[in-house]
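Before any comments, here is the structure.
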Amino acid sequence: MSEIPAKATESEDPSGGARAKAASALAADAAHGLADGPGESATHGDAMWQSSPPGSIYDYIRVASFSIGPDGLVDQWSLRAEQIFGIPADRAVGMDPIDAFVDPDLRERGQRKMAEILDGREWTGVVPFRMPDPVPGGGRGEQGLAEVYVMPTRSLDGEKAAVCIVVDVRTLRSIETDLAASQAIFGQSPFGFLLIDPDLRVRRANQRFASIFGGSPDDHRGKGVHDYLPRSEADRVSATLRRVLQTGDSITDMHVTGFVPGSDERRHWSINLYRVHSGTGRPIGIAWLGTDITARRAAAREAAAARRNLALLNDAGARIGNSLDLETTARELLDVVVPGFCDLATVDLYQGLLAGDETPPGLADGSAELRRVAFSSAVSDAPFAGAGAPVAVGAVHHFPFNSPCADALRTARPQTIPGEEGGLVQSTLAVPMVAHDTVVGLAQFSRTKGSEPFGDRDRDLAVELAARAAVCIDNARLYRREHERALILQRSLLPPGDPVASGLDIACRYLPGNASTGRPSEVGGDWFDVIELPGHRTALVVGDVMGRGLRAAVAMGELRTAVRTLALLDLEPAEVLSALDEIARGLGTPGGVQQATRAARRPREADLSEVYLATCVYAVYDSVTRRCTFANAGHLPPVLVEPGEPALMLDVPPGMPLGVGGEPFEEVEVDLPEGALLALYTDGLVESRDHPLDEGLNAFVGALTDPSAPLEDVCDHVLNTLDSHHGEDDIALLMARVQGLPADSVGDWTLPREPRSVGRAREYARGQLLSWDLEPLVDTTELLVSELVTNALRYGEGEIRLRLLLDRTLVCEVWDAGLVQPRRRRARDTDEGGRGLQLVGLLSAAWGSRRTPRGKTVWFELPLPDGDTALADPAEALLSLF
């Protein structure tokens, strides 16, 4: 309860009657603690007394009062005095205050002061006192310090008395400290500080707030939030203030946007709100603590933009250039920038560069033709019309010479193009795509109206993104060019068209790696070949150089050329592979196989030489005997399907791959029945990362179920069946169905070693040709047969064998046991002989000799009369020799 003391003042009445009556009444009220509840009133005589509301200053100060009678003793004692001094009224009344509360050494002075007070003098001062022990005889009580205001008065009898108002000095000092601290915090705070009353009006503002919004702190008293903020923002803040006042929940870091007087710059503040209470807990308002975060917001936006740009660049590095395809790389760029960086984007590349030209005409002045390879939109598939009419993807166009896009291409510098009036696009960045100091195209990034306009940071980011994409596109362009060249080289090394062979029906397939998966194919080292040999024999070759790329393709070409050269020498299959092994060992060394052998002896130099390894199957089929001889250098075994029998893999010793060296190769001879199917292949057909080799081989063998079907259909069936097993590596598949020469197409005679055998040979040849209805070839054949048989008699050994073979051409072979190979030489005019082989060379389509296990064979070949090659006249050929 609040005490309401009355202060006696001197009046014009000398007797002081009015003052005495007022003082007596006040003292009486104070002594009895007359204080009503909040909002209540009481009537005492003619005076109306209104109590202070809860939380008044008296609740903090704790003012007490008592009165002293004419005898200097306490005659009235208030309830607050009981609280401060701890002495009940029944004990206090009648006590001498000097003896009760003043230390003994100050009592004499205290008595003098009391006398002066009772004599009519007011006195104010600080008095140390001790409170009596609540238990009599208990000793000295607690020491205290009181500020005392003593007012002389008179009792109802007119005697001199006094009214004393006492305040605990310790409480006053605490209040002074709290006020000083509050004033320092409020006034010296670097933040805008407001105290808002329950009516949402400013009750008090500090200097910081006034320095921002102008005027002095007192000028802001009575204002509301609508005086400082825009209407919509002020309504939001007002609703928040009411909620804080009603619930008592604090608000932390609420962002408020507005303007300061005299500036059009939008400012941002962070506001903290909490409800303020009085000492009794009554809400008396809201504390507003505001911090200007405009610079912080700007820095945060800059940091967010930097993080976004870094994330965009990181995304670009991860997503652009994953494929070596021009169009795909351009689309990857647009996938990164739309919609994260812009709303619309296009990529145009020089048409000449796409076509493989190094320097297309008009490249320097920006007028060369371009092809739009990619377009992306995040605005409902809106067309891109940033510069002129829309251009469809895939269309070839060019920019006008004086357009910003052409200028960007000429100068290799980005250009900003404003949007058209009334159009969708706000602005466009035309950024040239520069790779290795070469402009390969133009990227355009556009933002629609309503989006944030492009800034310098966006311009730099666009240049960086375009440069990264340009490098990837240029790499893709170079790869495409080199890849096409490698494919041309690779295709040029494979047999053209459908190979044909005597006594064989041939079908083949070649698929570059990844061709079946839809990805760009990569050249490799797989190859196959069909080589016609003398005597209606055929060499079938399938090989695989280990590795990928142009290096493997070149090595394959060298080995294929070597195989064809060795085949023309008519060497046995094992000898061919042995020679190929030597060649493969020398491919990686400029000095050939000898230099490679020396380098292998020196480990340091061996590391510098490239190693070329290859596998190969070489088979020679004789259409007369239907016998095939195989030799294998580390390759997968051939598969044979005989009529009415299941397919099986031939047991051909694999040997070591070509390039390893040091190991001989073995040969295996297999008799092939009529209609048998022989399949040679590379590992790409049966092997993959996801399937073991045995599974692929079994699937391949299982796919050869109908060998009588057309070979083309058999090849397609195998590829379709093994679709899950191939696609990662090159695939070479060579199939041959045996169709041997009929017995009536072969003429075979043995001649004794005597001069008359020459005449018999002519007779045998004439009779055989007439039975074959080849009369136009009789004269030429007789002449050439006599020459070969004569040479066999003169330079050969043992008995002589004559054989005529009829297929697509006529082949004549003369066998003997001699090892000396015939050598063609030019005879002098005076020589009587030495012109036989020259005559054979003039009259035949081809001729040659080869070694056999028992000697040698000399042969010549003549085209059939209905063929495209005209026969030479023997008479003219003879005359040409002289």
Residue in the range 768-795 that is surrounded by the fewest Cβ atoms within 10 Å (Cβ to Cβ), counting only those that are assigned to a helix (DSSP H, G or I) and without any contact (Cβ under 8 Å) to a residue 24 or more places away in the chain: ARG794
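Please find, among PRO673, PRO742, the residue that is within 30 Å of ALA765 (Cα to Cα) and free of Cβ contacts under 8 Å to residues at least 12 places away in the same chain.
On the way: PRO673 fails: free of Cβ contacts under 8 Å to residues at least 12 places away in the same chain.
Exactly one of PRO673, PRO742 is within 30 Å of ALA765 (Cα to Cα) and free of Cβ contacts under 8 Å to residues at least 12 places away in the same chain, namely PRO742.
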Kindly indicate the residue of the range 468-512 that is modelled with pLDDT of 75 or more and among the polar types (S, T, N, Q) and also farthest from ALA330 (Cα to Cα) among those meeting that condition. SER502
Of the residues in the range 83-133, those that are under 19 Å from ASP168 (Cα atoms), at pLDDT 85 or above and exposed (fewer than 15 other Cβ atoms within 10 Å of the Cβ) come to PRO88, THR124
So, in the range 663-687, of the ones that are within 49 Å of the chain's Cα centre (by Cα) and part of a loop (DSSP other than H, G, I, E, B), which residue ends up surrounded by the most Cβ atoms within 10 Å (Cβ to Cβ)? THR682
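State the number of residues belonging to the range 651-660 that are assigned to a loop (DSSP other than H, G, I, E, B) and surrounded by 17 or more Cβ atoms within 10 Å (Cβ to Cβ). Give the derivation first.
Here is the first cut: in the range 651-660, the residues assigned to a loop (DSSP other than H, G, I, E, B) are 651-657, 659-660.
Of the ones still in play, those that are also surrounded by 17 or more Cβ atoms within 10 Å (Cβ to Cβ) are 652, 655-657, 659.
Qualifying residue count, the range 651-660: 5.
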Looking only at the range 156-172, count every residue that is modelled with pLDDT under 85 and under 22 Å from ARG80 (Cα atoms) and tell me the total. 5
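Residues being charged (D, E, K, R), at pLDDT 90 or above and touching a strand residue (DSSP E or B) at 6+ places or on another chain (Cβ under 7 Å): count how many of those fall in the range 228-266.
Let us first name the residues in the range 228-266 that are charged (D, E, K, R), namely 231, 233, 235-236, 242-243, 249, 253, 264-266.
Next, only the ones that are at pLDDT 90 or above stay: 231, 233, 235-236, 242-243, 249, 253.
Imposing the further condition that a residue be touching a strand residue (DSSP E or B) at 6+ places or on another chain (Cβ under 7 Å) reduces the set to 233, 253.
Residues that pass the stated criteria total 2.
Here are ALA345, ALA298: which of them is out of contact with any strand residue (DSSP E or B) (no Cβ under 8 Å at 6 or more places or on another chain) and not β-branched (Val, Ile, Thr)? Write out each step before concluding.
On the way: ALA345 fails: out of contact with any strand residue (DSSP E or B) (no Cβ under 8 Å at 6 or more places or on another chain).
Being out of contact with any strand residue (DSSP E or B) (no Cβ under 8 Å at 6 or more places or on another chain) and not β-branched (Val, Ile, Thr) holds for just one of ALA345, ALA298, which is ALA298.
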Search the range 745-763 for residues being in contact (Cβ under 8 Å) with a residue 40 or more places away in the chain, not charged (D, E, K, R) and not in a strand (DSSP E or B), and hand back the single one that is surrounded by the most Cβ atoms within 10 Å (Cβ to Cβ). ALA761
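Here are some residues: CYS405, CYS342. Which one is at pLDDT 85 or above, in a loop (DSSP other than H, G, I, E, B) and in the same structural domain as PHE454 (by TED's automatic domain parsing)? Talk me through it step by step, then tell me what you get.
Numbers: CYS405 fails: in a loop (DSSP other than H, G, I, E, B).
Only one candidate qualifies: CYS342.
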Residue pairs, Cβ under 8 Å, 6 or more apart or interchain, first in the range 145-162 and charged (D, E, K, R), second assigned to a loop (DSSP other than H, G, I, E, B) and loosely packed, with under 13 Cβ neighbours inside 10 Å. List them. LYS160/ASP119
Members of the range 841-882 found to be surrounded by 13 or more Cβ atoms within 10 Å (Cβ to Cβ), outside any loop (DSSP other than H, G, I, E, B) and modelled with pLDDT under 65, listed by number: PRO874, ALA877, LEU878
In the range 623-641, what residues are in a loop (DSSP other than H, G, I, E, B) and surrounded by fewer than 17 Cβ atoms within 10 Å (Cβ to Cβ)? THR625
The range 272-298 - residue that is modelled with pLDDT of 85 or more and part of a helix (DSSP H, G or I) and, of those, surrounded by the fewest Cβ atoms within 10 Å (Cβ to Cβ): ALA295
Filter the range 329-350 down to residues that are free of Cβ contacts under 8 Å to residues at least 60 places away in the same chain and either among the basic types (Lys, Arg) or buried (at least 18 other Cβ atoms within 10 Å of the Cβ) (or both), then give me how many there are. 3
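Picking from ASP348, ASP315, which residue would you name as being at pLDDT 90 or above and of a type in the set (D, E, K, R)?
When all the criteria are applied, what remains is ASP348.
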From the residues in the range 620-646 that are aliphatic (A, V, I, L, M) and modelled with pLDDT of 90 or more, which one is nearest to VAL530 (Cα to Cα)? VAL620
Which of the residues that make up the range 438-453 are over 30 Å from LEU478 (Cα atoms) and either surrounded by fewer than 20 Cβ atoms within 10 Å (Cβ to Cβ) or among the acidic types (Asp, Glu) (or both)? THR448, LYS449, GLY450, SER451, GLU452, PRO453
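Filter the range 400-437 down to the residues that are touching a helix residue (DSSP H, G or I) at 6+ places or on another chain (Cβ under 7 Å) and among the β-branched types (Val, Ile, Thr), then identify the one that is surrounded by the most Cβ atoms within 10 Å (Cβ to Cβ). Explain how you work it out, then say what you get.
The first filter runs over the range 400-437 and keeps only residues touching a helix residue (DSSP H, G or I) at 6+ places or on another chain (Cβ under 7 Å), leaving 400, 414-415, 417, 429-436.
Checking which are among the β-branched types (Val, Ile, Thr) leaves us with 417, 431, 434.
On the way: ILE417: 18, VAL431: 26, VAL434: 18.
For the range 400-437, the residue satisfying everything is VAL431.
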All positions within the range 61-82 that are touching a Gly at 6+ places or on another chain (Cβ under 8 Å), within 29 Å of ILE175 (Cα to Cα) and assigned to a loop (DSSP other than H, G, I, E, B): SER78
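What residue, of ALA555, ALA579, ALA584, ALA539, is in the same structural domain as THR625 (by TED's automatic domain parsing) and either surrounded by fewer than 21 Cβ atoms within 10 Å (Cβ to Cβ) or of a type in the set (Phe, Trp, Tyr) (or both)? Before the answer, list the steps.
On the way: ALA555 fails: either surrounded by fewer than 21 Cβ atoms within 10 Å (Cβ to Cβ) or of a type in the set (Phe, Trp, Tyr) (or both); ALA584 fails: either surrounded by fewer than 21 Cβ atoms within 10 Å (Cβ to Cβ) or of a type in the set (Phe, Trp, Tyr) (or both); ALA539 fails: either surrounded by fewer than 21 Cβ atoms within 10 Å (Cβ to Cβ) or of a type in the set (Phe, Trp, Tyr) (or both).
One residue alone meets the criteria, ALA579.
Picking from ARG140, ARG204, ARG208, which residue would you name as being under 25 Å from ALA81 (Cβ atoms) and either modelled with pLDDT of 85 or more or not aromatic (Phe, Trp, Tyr) (or both)?
ARG140
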Criterion first (at pLDDT below 85, out of contact with any helix residue (DSSP H, G or I) (no Cβ under 8 Å at 6 or more places or on another chain) and crowded, with 17+ Cβ neighbours inside 10 Å) does ARG835 satisfy it? yes
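Which residue, of ARG301, ARG319, is of a type outside the set (S, T, N, Q) and under 18 Å from the mean Cα position of the chain (by Cα)?
ARG319
Rundown of residues vs (1) among the β-branched types (Val, Ile, Thr); (2) out of contact with any Gly (no Cβ under 7 Å at 6 or more places or on another chain); (3) modelled with pLDDT of 90 or more, yes/no style:
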| site | (1), (2), (3) |
| --- | --- |
| ASN514 | no, no, no |
| GLU522 | no, no, no |
| VAL530 | yes, yes, yes |
| ALA539 | no, yes, yes |
| GLU558 | no, yes, no |
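The values are calculated or read from the model by the stated rules, or taken from the named source; none is laboratory data. These numbers come from a predicted model, not from an experiment. We place every Cβ from the backbone using ideal geometry, glycine too, and count neighbours over all the protein chains shown.
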